[in-house]
Structure formats: C-alpha cells, structure tokens
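> Could you have a look at this structure, given as structure tokens, before my questions?
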Amino acid sequence: MTDALNDHEGTVSVGGRNITNLRFADDIDGLAGREEELADLVERLDKTSTAFGMQINAEKTKLMTNNTNGFSTDIRVNGEKLDCVNRFKYLGAIIADEGSKPEILARIAQANAALAKLKTIWNVRNIALSSKIRLMRSLVMSIVLYACESWTLTADTERRIQAMEMKCFRKLLCITNRDHISNEEVRNRTRQASGPHEDLLTTVKRRKLKWHAGW
C-alpha cells in the first residue's frame, strides 16, 4: 500500500485528515472523492500488486458511489470490469449507499436470532432474572452494538432499536402482547431486578459521541 499510494493525493477528508483507504489484513476499502481519483487508486493497487507477485480478485472487488448517475467509465482489474453495487460488507458490517439502516436492521435480525437460540436459558426458573439480564446484554445486545459508532440514526431506526430492547426484556419477563403491560412498566421491573442501567439506544448514542470526539 505504501508503494501504491506514493504521490497519490486523496480528496476525502475525515476529521481534518485526508483518508485514501481503510484496511485490515487483506481487506482494503479505497476512498475517493472523484471517479477519476478512484480509477487512479485502483490502477495503482493493481500495478503494485502485480509487481509484488500478487493479484487482486476482480470478482470480489466491488465499486460503490453516492452519485445517482453511477460510474461513467469502466474501472478494471486484470482487464476485468468491476461491478458497481449499492451495498457491500466490510469487516462484518454492511456499507450501503442508503446509509446505516440496512446494517442496523441486519444487526437487529442477528440479535433476534441469538435471542431465540437462548430460549432454554430464558425459560429456566432457577436462574435469577438479574443473571438473565446480564446474559442477555452480553450475548444478545452486544450483537446489536457492533460498530454502532459509525451509524447515522433516524427516527425510524431509533424506534426499531428501542423495540428490539423491549422485545428482549419482555421475553425474559415472560410478558406477551396480550398482557397489555406498558414499556415503562417493563423497564421498572428490569430495574428492580438488576438496578439502574443504561438503555440500548442511549448506549448507541454515547458510543457514537465518544468515537466522534476521538477524531
């Protein structure tokens, strides 16, 4: 990457710093403010990889743009045209041109699946409710919180996060919709069992603020 980026001037600025790429091991996410800049970056990576006896997998390499008109020129690797997509996964998180909603919904779905798999634990009567709440936060809520620092929240996604948390607590308390028990009463019962705690949405917002403050 050092050789490929030699004399390459990036135009994407984050926190006052020019960022040309994100990388972890062999997962590289190139960033560019213009189409020509991205084409130059891809060409540099392709040529430098070849010089070191390595090859970029064109099938796994995707392009994404926030330009509604898409790309006007072909960007190629090893002579193969790269596909343009509206979302892709990077380090387990969904990056989408429509923002954070697809990733948030995917996280909630994964957390709901984990919640269902642990049904046996939730139904065990000799496990204290306080212990179940700690397990739920460790094994279920942690799935939702993965990479939440980078999310852009909307009123809709905030409601979905709150609804997911309420679903978890109602499951632990064996409360169904037919019981007509308010969310506030559910929160009171969980506080009585485990003491004061930060709700899930507040945790997301706090992590976002802490992460942005670090830039």
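> Near the amide H of Asp83, under 5 Å away, which other amide H atoms are found, from residues 5 or more places off or on another chain, if H is placed in the peptide plane?
The answer is Leu63.
> Select from Ser150, Thr20, Asn78 the residue farthest towards the positive end of the dipole of the chain; place +1 on Cβ of Lys and Arg, -1 on Cβ of Asp and Glu, and compute about the Cα centre.
Checking the options against the dipole of the chain, the answer is Ser150.
> Also: When the helix-only estimate is applied to the chain (DSSP H runs of n ≥ 4, each -39,500 (n - 2.57), divided by the residue count), what is the mean residue ellipticity at 222 nm, nearest 500 deg cm²/dmol?
Helices in the chain give a 222 nm mean residue ellipticity of -13500 deg cm²/dmol.
> Cut-off is 10 Å between beta-carbons; in what order do Arg44, Arg178, Arg134, Arg17 appear when sorted fewest neighbours first?
Arg178, Arg17, Arg134, Arg44
> In debye, nearest 20, what is the charge dipole magnitude of the stretch 13-85 about its Cα centre with +1 on Lys and Arg Cβ and -1 on Asp and Glu Cβ, if you could check?
The dipole of the stretch 13-85 has a size of about 160 debye.
> For the chain, what is the number of Lys pairs with C-alpha distance below 15 angstrom, counting only pairs 8 or more positions apart or on separate chains?
Step by step, the pairs that qualify in the chain add up to 13.
> Based on the Cβ-Cβ distance from Arg17 to Arg134, what FRET efficiency comes out when R0 is 45 Å, to the nearest 0.05?
0.70
> OK, next. Nothing charged except the Cβ atoms of Lys and Arg (+1) and of Asp and Glu (-1): what's the magnitude of the dipole of the chain about its Cα centre? Round to the nearest 20 debye.
Once rounded to the nearest 20, the dipole reads 1940 debye.
> Positive end of the dipole of the stretch 93-213, charges at C-beta (+1 Lys, Arg; -1 Asp, Glu), about the Cα centre: which of Ile95, Ile108, Phe169 has its Cα farthest in that direction?
Phe169
> Taking 0.36 nm per residue of sequence separation and subtracting the Cα-Cα distance, how much length would be gained by fully extending the chain between Lys81 and Ile175, in nm to one decimal?
Residue separation times 0.36 nm, minus the Cα-Cα distance, leaves 28.4 nm.
> Next question, about the same structure. How large is ³J(HN,Hα), in whole Hz, for each residue of the stretch 152-169 in order, when computed from phi with the Karplus curve 6.51 cos²θ - 1.76 cosθ + 1.60 and θ = phi - 60°, using x for Gly and Pro?
Listing the rounded values in order: 10, 8, 10, 4, 5, 5, 5, 4, 5, 5, 5, 5, 5, 5, 4, 4, 4, 5 Hz.
> Which whole-number percent gives the relative contact order of the stretch 144-215, counting Cα pairs below 8 Å spaced six or more residues apart?
56 percent
> I'd like the projected area of the stretch 13-85, averaged over all directions, using the convex hull of its alpha carbons. Report it in nm² with one decimal.
For the Cα atoms of the stretch 13-85, the hull's average projected area reads 5.5 nm².
> When the Karplus curve 6.51 cos²θ - 1.76 cosθ + 1.60 is applied with θ = phi - 60°, which whole-Hz ³J(HN,Hα) does each residue of the stretch 65-71 get, with x for Gly and Pro?
9, 9, 7, 5, 8, x, 8
> Report the normalised scattering of the chain as log10 I(q)/I(0) at q = 0.08, 0.16, 0.19 Å⁻¹, calculated by the Debye formula with identical scatterers on the alpha carbons.
Scattering profile of the chain, log10 relative to I(0): -0.42, -1.07, -1.38.
> When the Debye formula is applied to the Cα atoms of the stretch 93-213, each taken as the same point scatterer, what base-10 log of I(q)/I(0) results at q = 0.18, 0.21 Å⁻¹?
-0.98, -1.26
> Show me the ranking of peptides 155-163, 61-69 by mean Cβ neighbours inside 10 Å, starting with the highest.
155-163, 61-69
Each value in this text was obtained by applying a stated rule to the coordinates, not by laboratory testing. Computed from a predicted structure; not experimentally measured. When we count neighbours, we look across all protein chains shown, and the Cβ atoms used for this are built from the backbone with ideal geometry, even at glycine.
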